[in-house]
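Please read the structure below before turning to the comments.
Read-outs: derived from the displayed coordinates by stated rules, not from any lab. Since we're looking at a predicted model, the values are computed, not measured. Every residue, glycine as well, gets a Cβ built from its backbone with ideal geometry; the counts of neighbours run over all protein chains shown.
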Amino acid sequence: MVSKLMAGKAASSAAKAIGEYQYPWREKLAKYKDELSKGVWGYWHLGAWKPLGISARRRARLRKEVLVAGENWPYDPERKEMKTKRKGHKVDRIAAEKREKTAKLMEKMPEMLFDYKKRRWEKKMKEEEKAKEDKAKEDK
């Protein structure tokens, strides 16, 4: 009976020790600190591409362990802006833009027609005045 208790305590203490030491991320982080600061995938050295000394899988696992522990992971690259290029057919986008433009122009249509009629009337008046002047010159 005593041996069973001793074995149980030994097993639980071994499991506890293994559980605490199963992912020693602090030691790994200290070990690969220089390597992680060189980049995510690798780096250029004297004109040659050098991969990292830690694999991407291990790097990802270490990153996950650090983040789960609530620590900060400063080795991620800065995120770029998202691309705004839309998918789909260009013809459809152009047609939609044309419809929008047409709708805006239709709102301005009464003003445009008024301006057009005004210009036409002014042109007609100028022509009539010119015709009167020419007729007056001929009469003299």
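Whenever a residue of segment 76-87 is touching a residue at least 24 places away in the same chain (Cβ under 8 Å), its partners that are surrounded by 10 or more Cβ atoms within 10 Å (Cβ to Cβ) and not in a loop (DSSP other than H, G, I, E, B), lying with C-beta atoms within less than 8 angstrom and at least six residues away or across chains, give the pairs ASP76/ARG63.
For segment 32-53, taking the residues that are assigned to a loop (DSSP other than H, G, I, E, B) and hydroxyl-bearing (Ser, Thr, Tyr), the one that is nearest to TYR75 (Cα to Cα) is identified as SER37.
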